[in-house]
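Values quoted throughout were computed directly from the atomic coordinates according to the rules given, and no laboratory measurement underlies them. Remember, predicted model here, so these are calculated numbers, not experimental data. Positions of Cβ are generated from backbone atoms using ideal geometry, with glycine treated the same way; all protein chains shown enter the neighbour counts.
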Amino acid sequence: MRFMMLMIPAGYASAAPGTMPDQAAVERMMKYNEALEKAGVLLALDGLHPPSMGARVSFRGGEPAVTDGPFSEAKEVVGGYWIIEVSSKEEAIEWAKRCPAGDGDVIEIRKIQEPSDFDFDVPGMR
């Protein structure tokens, strides 16, 4: 089973453009990422710049509307993610609990949809 672990850093919704984690935090996270890799469960990972550098495309009546960040209504935003392949949701939770997250940070765990999750054929789905 593949799971996405979404890092939701405390305060990241209002972070200024160009805000980056400090070197010590990056080093702690790299050790964690290496542990995921050595265990053979890591498929992908990336950090994301703050929403103040992003944009949202919303759809009303079938028409796209673009809003540049920051997003005033956002309380929690994704700051990065990992995609892991493990045998269960419980194993994904155990990996998330080992993350060197900061005070107030949250990791949301979501199972990635697989072809076997559907009761019909989904063409082109991995």
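If you place +1 on the Cβ of every Lys and Arg and -1 on the Cβ of every Asp and Glu, how big does the dipole about the Cα centre of segment 2-114 come out, in debye to the nearest 20?
Around 120 debye, computed over segment 2-114.
Here the Debye sum runs over all C-alpha atoms of the chain as equal scatterers in vacuum, and log10 of I(q)/I(0) at q = 0.11, 0.22 Å⁻¹ comes out as -0.49, -1.24.
Report the FRET efficiency, 1/(1 + (r/R0)^6), for Met20 and Val57, where r is their Cβ-Cβ distance and R0 is 30 Å, rounded to 0.05. Spell out each step's value before the answer.
On the way: r = 25 Å, r/R0 = 0.84.
After rounding, the FRET efficiency stands at 0.75.
Listed by Cβ neighbour count within 10 Å, with the fewest neighbours leading, Val78, Val86 appear as Val78, Val86.
The count of lysine pairs in segment 2-114 with alpha-carbon distances below 18 Å, taking only pairs 8 or more places apart or on different chains, stands at 5. The length gained on full extension between Asn33 and Ala74, counted as 0.36 nm times the residue separation minus their Cα-Cα distance, comes to 12.0 nm.
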